[in-house]
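One structure is given below, represented as structure tokens, and several questions about it will come after.
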Amino acid sequence: MVLFDRLPRGVALTEAGVVLFDYAGRIFTLADAAEGQLKELAGLSAGYMKVGASGTLGVYFVPDMIARFNVNYPRVAIDLTVTNTTRVEAGLRDHTFTLGFVEGPFDDTILNARPIGADEIAVVAAAGHPGAGRRLRAQDLVDQILIMREPGSGTRAIVEEAYARIGLNIEPLMSVSDTEAIKRMLLAQHALAYVSALSVKDELRRGELTVIEVGDLRIERPLHMVWLKGRSLSPSSQALFDLVAATTEAAREFQEVSLPVR
């Protein structure tokens, strides 16, 4: 279609030209807005990401990382979902989450992973427990007043599997579905509990709880930061990834330097 009419002095838009000119103006306005928005994202002056984490990491590790991240990037919004490993994997697969944090096994055929540490599943008691400071054997715990997570939980499963490997069966006196409730029960009575060491780090530091060493059985599970294979990270996700990687690497090096020689 003809867009311009040539006149003796210059040109004029035809009716079709006027229509197209209006759309062209809107197109360039949108293009400029898109470019500005992407520049904001690249500079991390704005942004949004969804993160998924399984129970222990989602409560006792990731919030601290997000708080540190927000100091540097206060205008990047983060939505944290605390769930189980299976749902974290599903969220990464359907692009609900850009980053995930999981304890224990995961599907490495669809996920890339970076190790961020290990979590000991330790025997914990109140600081005044009669067994505090003693060294026990796994067999000794079979007959103790023991609290564990509910059947089906990842923490309980890894303890039961560890005992089964050495030919023992462990049956707790109480099963509790909430780690915070277990901690309150430990402080109120002379009981022992198998819990994530990460979940009691503050109570251990304050001297309220203590770890009971089990000499012939150490139970650990790896911790990983995971993301979908083939998916690139946005600038904000990459910044959080780099923060977690640097923080956990520094913590690992500090632990290696601080470990006593045996």
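Suppose we keep just the DSSP beta bridges with both residues in region 1-93; what percent of those would be antiparallel, to 5?
25
Taking a 1.4 Å probe, which of Leu223, Leu173 shows the most accessible area, and what order do the others take after it?
Leu173, Leu223
Alpha carbon centre of region 11-69 versus region 130-182: separation in Å?
Using only Cα atoms to place each centre, the spacing works out to 49 Å.
What 222 nm value per residue comes from the helices of the chain, counting each DSSP H run with n ≥ 4 as -39,500 (n - 2.57) and dividing by all residues, nearest 500 deg cm²/dmol?
The per-residue figure over the chain is -13000 deg cm²/dmol.
If N is the number of residues in region 57-110, what value comes out of its Cα radius of gyration divided by 2.2 N^0.38 Å?
The reported ratio for this selection is 1.22.
Could you derive backbone 3J(HN,Hα) for region 74-83 from the dihedral phi with the Karplus parameters 6.51, -1.76 and 1.60 (θ = phi - 60°), listing whole Hz in sequence and x where the residue is Gly or Pro?
After applying 6.51 cos²θ - 1.76 cosθ + 1.60, I find x, 9, 8, 7, 10, 10, 9, 10, 9, 8 Hz.
By its C-alpha gyration tensor, with a ≥ b ≥ c as the square roots of the eigenvalues, how is region 32-91 shaped: rounded for a/c under 1.5, else prolate for a/b larger than b/c, else oblate?
Working: a/c = 4.74, a/b = 1.84, b/c = 2.58.
Note, shape of region 32-91 comes out oblate.
Let me ask something else. Lys201: which lysines have alpha carbons under 24 Å from its alpha carbon, excluding same-chain residues fewer than 8 sequence positions away?
Straight-distance partners of Lys201: Lys183.
For Lys50, go through the lysines and keep the ones whose alpha-carbon is under 22 Å away, minus same-chain ones fewer than eight residues off.
Once the sequence-local lysines are set aside, what remains near Lys50 is Lys39, Lys229.
If you count the DSSP beta bridges with both ends in the chain, what percent of them are antiparallel, to the nearest 5?
Antiparallel bridges: around 55 percent, rounded to the nearest 5.
Taking amide H atoms as placed 1.01 Å from N in the peptide plane, list the residues 5 or more away in sequence, or in a different chain, whose amide H sits under 5 Å from that of Phe97.
Distant-sequence amide H within range of Phe97: Leu92.
Moving on to the next point. Students often get this wrong, so try it: which of (i) 1, 5, 10, 13, 13, 12, 10, 8, 6, 4, 3, 3, 2, 2, 2, 2, 2, 1, 1, 0, 0, 0; (ii) 1, 5, 11, 15, 17, 17, 14, 10, 6, 3, 1, 0, 0; (iii) 1, 6, 12, 18, 20, 19, 14, 7, 2, 0, 0 is P(r) over Cα pairs in 5 Å bins from 0, in percent as calculated from the structure shown?
Label of the calculated value: (i).
Still on this model: Compute the angle between helix 62-72 and the longest alpha-carbon principal axis of the chain, please, reported from 0 to 90 degrees and rounded to the nearest 10.
Between the helix axis and the principal axis of the chain, the angle is about 40 degrees.
The values are calculated or read from the model by the stated rules, or taken from the named source; none is laboratory data. Just so we're clear, the structure is a prediction, and the values are computed from it rather than from any experiment. When the accessible area is computed, the model is the full protein with side chains, heavy atoms only, and any ligands, DNA or RNA have been set aside. Shrake-Rupley method; radii C 1.70, N 1.55, O 1.52, S 1.80 Å.
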